[in-house]
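Heads up, the thing below is written out as structure tokens.
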Amino acid sequence: MNKLIVWCLFYSILIKIATSSSSSPSSSNKIPLYTIEGQVVFPSDENVLDNIRILVDEGLYIGIPRVDGTFVISGIPSGSYIVAVNSPFHIFEPVRVDINSKGKIRARAVNFIEPGKVVTMKYPLRFESHTKPNYFQKREEYHLTDILLNPTFFPIILAVISIPLVLIFLKQQQAMQNMQDAPEIQETVQRLNNFIQPNYNYNFPDIIDWLITHVGGARRIRSPPEETTDSDSKQNRKKSKREKNQAD
């Protein structure tokens with residue numbers, strides 16, 4: 001019985017040693033881990049560190065800033081990471097951090113268009129707020145220039161301007177009509193017409209009479225135009241019609 005107990009204890013010790021040796025990792029398989037350090041800077045009149053988180057690769061590793069804004073994120077293996085500050089009140093530019101196998105850390109600006117273009121930055125990281133997010137769209141404001149530059153507004157302007165001009169033109173036309181209806185104006189217009197187009201019923205001297213008088217010869221007397229009546233014109237028409245019938 002005692003031998004059985006001894007053998008059981010011996011085998012249990014061997015099993016424990018074997019399992020402990022297999023479960024413990026060797027020193028050659030250990031992965032070195034590193035830390036990322038930096039600081040978040042705000043304006044002096046603001047203190048909103050409570051709602052800020054530092055995200056490595058969109059939350060693969062998360063850090064919380066201290067009261068003075070500094071932060072340390074540990075347990076990060078070698079590789080390339082994008083470190084960004086998540087804040088509901090400010091916007092920060094993200095930074096790419098490269099950690100090589102020897103633990104050397106390099107910070108550079110994030111460039112998604114040209115990843116090969118390297119613009120180095122200072123390390124430890126320093127995040128400064130450059131603007132605030134806008135969660136609301138600004139309401140559109142109307143100005144007087146918007147109305148004046150509207151294409152549909154030009155016909156309205158032309159209509160407003162043309163109405164007084166039309167009224168003034170009609171008023172002038174009415175005034176001219178009233179002036180023409182006046183007896184004095186009619187007499188003046190008649191005199192002007194007689195001066196421009198003289199009546200040959202009167203014996204006005206012309207250039208031919210003046211030449212005959214001064215050069216020589218008898219003066220030509222202008223005969224007034226013959227006046228025809230309605231009866232004479234009817235007789236002439238009947239006579240011409242009769243002659244036409246005889247010719248046929």
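What follows draws every value from the coordinates through simple rules; no lab data is involved. Keep in mind the model is a prediction, meaning the values are calculated, not measured. Please note: Cβ atoms are built from the backbone with ideal geometry, for glycine as well, and neighbour counts cover all protein chains shown.
Things worth noting here:
- Neighbour cut-off at most 14 other Cβ (10 Å), DSSP loop, chymotrypsin sites (Phe, Trp or Tyr not before Pro), segment 27-102: Phe89
- FRET efficiency for Thr152 and Gln172, using Cβ-Cβ distance with R0 set to 51 Å, rounded to 0.05: 0.95
- Computed E for Tyr61/Phe136 - FRET, C-beta separation, R0 35 angstrom, nearest 0.05: 0.60
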